[in-house]
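All remarks here apply to the structure that follows.
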Amino acid sequence: MKTESTTHLVRQYAAAHSLIRKKQVQNDLNLTNGAVRAAVETLVNQGFLNRVSRGVYEFIDKRENPKESPIEDRIWRAMRINTTFSASDVSQQAGSTISYVYKRFRTYREDKIIQPSGTRKGLNGDWEKVWRLTQKGRERSRAPKIEIFRPDPLIEEAVSLNRIICSGRAQRNEGDRLTALTLCKSILKRLKEDTEG
């Protein structure tokens, strides 16, 4: 399975569960430890997961928390407010890792959005490259693209049904039984549409 599709699968899973454990993801999705680790790291860098404790991560729903902007938007904001900037400057201001910012910088440079602006001594005493936005970058920075992730409705419904059944609520509460039946009908309808379409 490709990393990109693994990351997408883990993101769907996290969106449906809200709180996940790496081991749980590995077992439920039948993925290798390395694949889960890479997917989780990518999702943390993108701002979709927040580490709660060792191996436990919380899904960040951008629809519920609009003040928490995606990592891409925070990187753009950091580049916009500085005349010149280094990868370490942007990573600190955006709350990201330097390695992720380097990756973004490579893409931005290829797209002629940023250009070199010399070198300087960093906080650790090493020399680091300094960058600035090009004209194209300044124009683009006024309206950066923000992708809002919306989990697959089928996955959300399946997880909701699973919670009702596994918690025993369906056996104890008539309202939960009716909700479970409604979810079953909706899931069946979606699956038929996917099969026929």
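The values are calculated or read from the model by the stated rules, or taken from the named source; none is laboratory data. Small disclaimer: the values here were computed from a predicted structure and weren't measured. Cβ: placed from backbone, ideal geometry, glycine included. Neighbour counts: every protein chain shown. Accessible surface is based on the protein model in full, side chains and every heavy atom, while ligands, DNA and RNA are left aside. Shrake-Rupley method; radii C 1.70, N 1.55, O 1.52, S 1.80 Å.
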Under the rule of -39500 (n - 2.57) per DSSP H run of 4 or more residues, summed and divided by the residues of the chain, what mean residue ellipticity at 222 nm is obtained, to the nearest 500 deg cm²/dmol?
-18500 deg cm²/dmol
Can you give the relative contact order of the chain as a percent, counting alpha carbon pairs under 8 Å and 6+ residues apart?
16 percent
When only the heavy atoms of the protein chains count and the probe is 1.4 Å, how do 195, 107, 119 rank by accessible area, highest first?
195, 119, 107
Across 10 Å bins beginning at 0, the whole-percent shares of Cα-Cα pair distances in the chain come to 8, 27, 28, 21, 10, 6, 1
According to the Cα gyration tensor, what semi-axes, each the square root of 5 times an eigenvalue, does the equivalent ellipsoid of region 83-197 have, listed from largest to smallest in whole Å?
52, 19, 11
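Order 102, 13, 108, most accessible first, counting only protein heavy atoms with a 1.4 angstrom probe.
Result of the area sort, largest leading: 102, 13, 108.
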Percent RCO, i.e. relative contact order, over region 8-55, from Cα pairs under 8 Å lying at least 6 residues apart:
36 percent
In Å², and per residue, what accessible area does the chain have when probed at 1.4 Å with the other protein chains present?
64 Å²
Can you send over the carbon and sulfur percentage of the accessible area for the chain, probe radius 1.4 Å, protein chains only?
49 percent
What does the charge count around residue 170 come to, taking other residues whose C-beta lies under 12 Å from its C-beta (Lys +1, Arg +1, Asp -1, Glu -1)?
+2
